[in-house]
């Protein structure tokens, strides 16, 4: 398959939006796997809550596509696939008593990737004068930052 060369900031933004949609869908699937792997009811609840937020983020991205009059679609997100593979590998190798720590740590890594992805979308969308798009992307970013903080606090409790 021949890949099309991106030749403009608009094409790049559109492609990155498509990868963000894949990223969120991959994250939703990963959260289900992490919730199954977790032992603590509190951590399972944290992952279910974040799954609900991820569904909202997918809806926000759908709204971005509509605002830009683009067909909603996806593009490969090898990073999220890799993060999920790493989590699965660590969970497979870890004793049951470490599962919560591994699950939370893996989710934290994914959140940091998502934060950087949204930051990378917000800057060009702002420069292109797309305030409604920026508002939706910022809402997603804010949720990701909040989740990262929750996961960090949870991880600190687990290892204390």
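The values are calculated or read from the model by the stated rules, or taken from the named source; none is laboratory data. Remember, predicted model here, so these are calculated numbers, not experimental data. Ideal geometry is used to build each Cβ from the backbone, glycine not excepted, and the neighbour counts take in all protein chains shown.
Look at (1) closer than 24 Å to residue 126 by Cβ; (2) surrounded by fewer than 16 Cβ atoms within 10 Å (Cβ to Cβ); (3) over 15 Å from the mean Cα position of the chain (by Cα) and you find that residue 75 fails only one, number (3).
Go through the stretch 124-137 and give me each residue that's part of a helix (DSSP H, G or I) and either within 13 Å of the chain's Cα centre (by Cα) or surrounded by fewer than 18 Cβ atoms within 10 Å (Cβ to Cβ) (or both).
Scanning the stretch 124-137 gives 124, 126, 127, 131, 132, 135, 137.
On the stretch given as the stretch 77-96, residues that are touching a residue at least 40 places away in the same chain (Cβ under 8 Å) and farther than 16 Å from residue 13 by Cβ total 9. Would the stretch 104-111 turn up any residue that is under 19 Å from the mean Cα position of the chain (by Cα), touching a residue at least 12 places away in the same chain (Cβ under 8 Å), within 19 Å of residue 136 (Cβ to Cβ) and assigned to a helix (DSSP H, G or I)? For the stretch 104-111, residues under 19 Å from the mean Cα position of the chain (by Cα), touching a residue at least 12 places away in the same chain (Cβ under 8 Å), within 19 Å of residue 136 (Cβ to Cβ) and assigned to a helix (DSSP H, G or I): present.
May I ask you to list the residues in the stretch 1-38 that are assigned to a loop (DSSP other than H, G, I, E, B) and surrounded by 13 or more Cβ atoms within 10 Å (Cβ to Cβ)? 6, 38 - these are the residues of the stretch 1-38 that are assigned to a loop (DSSP other than H, G, I, E, B) and surrounded by 13 or more Cβ atoms within 10 Å (Cβ to Cβ).
Might you let me know whether the stretch 89-99 holds any residue that is assigned to a loop (DSSP other than H, G, I, E, B) and surrounded by 13 or more Cβ atoms within 10 Å (Cβ to Cβ)?
Scanning the stretch 89-99, I find at least one residue that is assigned to a loop (DSSP other than H, G, I, E, B) and surrounded by 13 or more Cβ atoms within 10 Å (Cβ to Cβ), so the answer is yes.
Counting the residues of the stretch 60-72 that are surrounded by 13 or more Cβ atoms within 10 Å (Cβ to Cβ) and either touching a strand residue (DSSP E or B) at 6+ places or on another chain (Cβ under 7 Å) or not in a loop (DSSP other than H, G, I, E, B) (or both) gives 7. Cβ separations smaller than 8 Å between residues 6+ apart or across chains give no pair from the stretch 120-138 residues that are at positive phi to residues that are at pLDDT below 95 and not in a helix (DSSP H, G or I). Cβ-Cβ contacts under 6 Å between residues 6 or more apart (or on different chains), taken from a first residue in the stretch 63-76 that is at pLDDT 95 or above to a second residue that is surrounded by 11 or more Cβ atoms within 10 Å (Cβ to Cβ) and part of a loop (DSSP other than H, G, I, E, B), are listed as 65/72.
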